[in-house]
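The values are calculated or read from the model by the stated rules, or taken from the named source; none is laboratory data. No experiment lies behind these values; they were computed from the predicted model shown. With ideal geometry, Cβ positions are generated from the backbone for all residues, glycine too; neighbour counts draw on all protein chains shown. Each accessible area value is taken on the protein alone, full model and side chains, heavy atoms only, with ligands, DNA and RNA left out. Shrake-Rupley method; radii C 1.70, N 1.55, O 1.52, S 1.80 Å.
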Amino acid sequence: MATIALSAPPHSTRRAGDVDNRATYLSFALAYVFGHGAAALSKGPDPLVSLPGWLPMTLLGIGLAVGTVYATVAALRAQRGAESSDILSGKLLGISWASAFAALFLAITGITSLLDRSDLQTVLWPTGAGLIVGLLYLGEGAARRNVLHYCLGTWLALVSTGALLLGNPGLFWVLTLGGGGGYAVATVLERRRLATHH
């Protein structure tokens, strides 16, 4: 009687639905460094350089837009071959971004209107957006069992809200170095995380 030996498939601990965040993290790191960095250099009572007021927000917006595209592409790739419950979780996490930023818009608009202080938007938007992104990363990290994503979310939430204590332009320095630095470190650590999941 002949026996057939079947080789076991190579062992992989990478889960369906796992996302490669390197391009997203790097794009957001550059957005923080150039966008918030330009604001840190050009804002406050004694700015270091004179830049057009639109430039910091434009640099930040471009970087965040590129990062968002990368995040969306990675999330769509992760859904291939995933179970229906994982696909539903991914869709709900995606929708939560729109809900969270709509709520942030209403909160900032309400606060600045109530206090009649439209100038507060320049402080509340960058710090509020960092808080929202951090909290969303916490949820995504927990749902996807991605400890690095979860830790980055914790860092961004704390750095963004802590920056409010420093006023202008100090908060932009904190966002540049703390937020941009956090994304840069996460980019390096993401390579290691993915290597252990293959």
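Looking for something open to solvent by less than 70 Å² (accessible area, probe 1.4 Å), on the phi > 0 side of the Ramachandran plot and not β-branched (Val, Ile, Thr) - is there at least one such residue anywhere in the range 106-116?
Taking every residue of the range 106-116 in turn, none turns out to be open to solvent by less than 70 Å² (accessible area, probe 1.4 Å), on the phi > 0 side of the Ramachandran plot and not β-branched (Val, Ile, Thr).
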Taking the range 126-175 as the region of interest, how many residues are open to solvent by 50 Å² or more (accessible area, probe 1.4 Å), at pLDDT below 90 and within 19 Å of PHE101 (Cα to Cα)? 0
Do any helices (runs of 4 or more DSSP H) entirely within the range 21-82 hold 1 or more residues that are surrounded by fewer than 19 Cβ atoms within 10 Å (Cβ to Cβ) and of a type in the set (Ser, Thr, Tyr), and if so, which? 37-42, 54-79
Which numbered condition in (1) open to solvent by 70 Å² or more (accessible area, probe 1.4 Å); (2) among the aliphatic types (A, V, I, L, M); (3) touching a helix residue (DSSP H, G or I) at 6+ places or on another chain (Cβ under 9 Å); (4) farther than 20 Å from MET57 by Cβ is the only one that ALA103 fails? (1)
Leading residue by the ranking (farthest from PRO126 (Cα to Cα)) among those in the range 185-198 that are open to solvent by 50 Å² or more (accessible area, probe 1.4 Å) and hydrophobic (A, V, I, L, M, F, W, C): ALA195
Meets criteria (open to solvent by 40 Å² or more (accessible area, probe 1.4 Å) and modelled with pLDDT under 85) for LEU88: yes
